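Below is one structure, written out as structure tokens; the observations come after it.
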Amino acid sequence: MSRTRILYVIDSMGRGGAETQLLKTLARLPADRFEAFIVLSREPGASYDQLAALPIVQEIIVLHDTSRFNSEAHRDRFPILSLMQKAFRLAAIIKLVKPAIIHSWLWYSNLLCGIVRQFSLTPLGRNPSYSLIVSQRGDYYARYGRTRLWLTEKLIYRHADVLLTNSDRIRDNLRHRYPDKRILAIRNLLDLPDLPPQSPSDTPPLWHIVSVGRLTVEKGYQYLIEALYLLNTKFNRQNFTATILGDGTLRTNLAQLTDARFLRRYFFCTIDRTPFRPAIAA
């Protein structure tokens, strides 16, 4: 029985949310039904070895800037040239691999795949034999300016067969803008352990605030902690607990901040150690 060949295109294998979700996706795909080829459009990244160790991964290709003209200064000055060079190289890879599905992640890689279709860089041109799935992490309309949104609409959304997001709100907004496009929302995958059931004598708090994400500066968890502190002190609301599921470079700093704010009911769990397995399984 032949296996379905999928080509994944992502910027790099760093330690961000999209990269983590790709690793979890690949780990769950049955190797007897699928085979995966990976294109990293910018650089290998810190999780490259973890990706390479997955049995389903057949080959990983990194689109390094190998030309002597592709110094960092040259790329900054002529970003479109570098982008088009990578688009032609990606088209050559598609021709060689002949995937049934191409699944791109993150805006830069989504754009590369859109360019390949826009300019008919593959032999089959505008009627390719593969399906293009584009994963959108976050709300592009809320984050990007006019130029990048124009590129998104003309080169990404127009040529995608499926738009995939992890938010019902983003999915609904995209469906309103593109009623004829297939748009899906799939929740982030979490590896959660089994825990013993809660004792009937335990009285749960009225409110349990839960947040999931990387503990990094750009996620803004320090502001969430300050808001909880105000809720606890200024508004005298003490009938809540709060949990963050995640890990990252600011974990120690955020834990110290919660101690300084006397938020004893506020605690951190890594993604693979969470008390919410029973609720999710229910």
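What follows draws every value from the coordinates through simple rules; no lab data is involved. A quick note: this is a predicted structure, and the numbers were derived from the prediction, not measured. Cβ: placed from backbone, ideal geometry, glycine included. Neighbour counts: every protein chain shown.
Okay, here's what the table says:
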{"quantity": "Amide H within-cut-off set for ARG15, under 5 Å, with H built and near neighbours excluded", "calculated": "ALA46"}
{"quantity": "Length-normalised contact order for segment 4-185 - Cα pairs under 8 Å, 6+ apart - percent", "calculated": "19"}
{"quantity": "Ranked list, fewest to most other Cβ atoms within 10 Å of each Cβ, for LEU228, LEU184, LEU112, LEU151", "calculated": "LEU184, LEU151, LEU228, LEU112"}
{"quantity": "Ranked packing of 210-218, 32-40, most packed first, by mean Cβ within 10 Å", "calculated": "32-40, 210-218"}
{"quantity": "Long-range HN-HN contacts of VAL212 with modeled amide H, under 5 Å", "calculated": "LEU245"}
{"quantity": "Vicinal HN-Hα couplings computed from phi for segment 5-21 (Karplus, 6.51 cos²θ - 1.76 cosθ + 1.60; Hz; Gly/Pro x)", "calculated": "9, 10, 9, 9, 10, 8, 4, 7, 9, x, 10, x, x, 5, 5, 5, 5"}
